[in-house]
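Some notes on the structure that comes next.
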Amino acid sequence: QTTWLQSELAKANSTLTKENRTDVLTGLNSRAALRQDFPTFTGAYVCMAMMDIDDFKRVNDVFGHMHGDTLLQGVGTAMAKDLQSDKIKCYRYGGDEFLVISRNITQADFKTRMEQFRKDFARKMPDGTMSSFSIGISYGMLKNERDIRSCLQQADDCLYEAKAQGKNQIVSRAFSIDYNKPDE
């Protein structure tokens, strides 16, 4: 009886861990998984892409939240199929934002992959318009958790620059941090 209970408890713990690490709607890694994965990105050359579906609020307002959820699910499926690998992890960051992080892939190769994904994913909406992504990329050597958080912030800043340039754009910048500057 004890062995069976231990086995059932182990199965339940495994299921809870998987559910905690997985975004229910998209099937991608969750933000909880991202925090758990931080140690795997330290001491490595990393490229990060923060992606946002352009005009997603309009999609929800015009076509309804069910259509918006279907679009998010499609993004998750496409990212898992086209991007995720042993060197690339994909996360739903929140709402209509997604994060892609690679270890030990060159910036040029990573940017090419992101550009190809951006082009391939264009989806036709019911009104004939196309959905698109804006993408911000930050890349460089990350020494510690502070670097990871700063690199994420820089990728997010690049994303907003891409949106300001007219959406459906990619803005990329090498990661740098001033270690003499105190944390804000």
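The values are calculated or read from the model by the stated rules, or taken from the named source; none is laboratory data. Being a predicted model, the structure only gives us computed values, none of them experimental. No Cβ is skipped: glycine too gets one built from the backbone with ideal geometry, and neighbour counts run over all protein chains shown. Ligands, DNA and RNA are stripped out before the accessible areas are found, and what is left, the full protein with its side chains, is counted by its heavy atoms. Shrake-Rupley method; radii C 1.70, N 1.55, O 1.52, S 1.80 Å.
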note = Applied in sequence order to the range 130-138, the curve 6.51 cos²θ - 1.76 cosθ + 1.60 (Karplus, θ = phi - 60°) yields integer Hz couplings, x standing for Gly and Pro, of 9, 8, 8, 10, 10, 9, x, 10, 10
ask   = In nm², what is the average projected area of the convex hull enclosing the Cα atoms of the chain?
value = 13.4
query = Using heavy-atom solvent-accessible surface (probe 1.4 Å) with all chains present, what is the largest-first order of Ser102, Ser176?
reply = Ser176, Ser102
remark   = Scattering profile of the range 51-108 from the Debye formula, Cα beads only, expressed as log10 I(q)/I(0) at q = 0.12, 0.13, 0.18 Å⁻¹, is -0.33, -0.38, -0.65
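Could you tell me which of the pairs Lys89/Lys124; Lys57/Lys89; Lys89/Lys111; Lys57/Lys163; Lys57/Lys124; Lys11/Lys89 are separated by over 21 angstrom between their Cα atoms in the structure shown?
Lys89/Lys124; Lys57/Lys89; Lys11/Lys89
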message = Tell me the accessible surface of Tyr160 in square angstrom (1.4 angstrom probe, heavy atoms of protein chains only), to the nearest ten.
response = 120
query = Roughly how much of Leu34 is accessible, in Å² to the nearest 10, using a 1.4 Å probe?
reply = 10
query = Got a sec? Which residues in the range 18-62 would a label at Met125 touch, if it sits 7 Å along Cα→Cβ and we count backbone N under 13 Å?
reply = 53-62
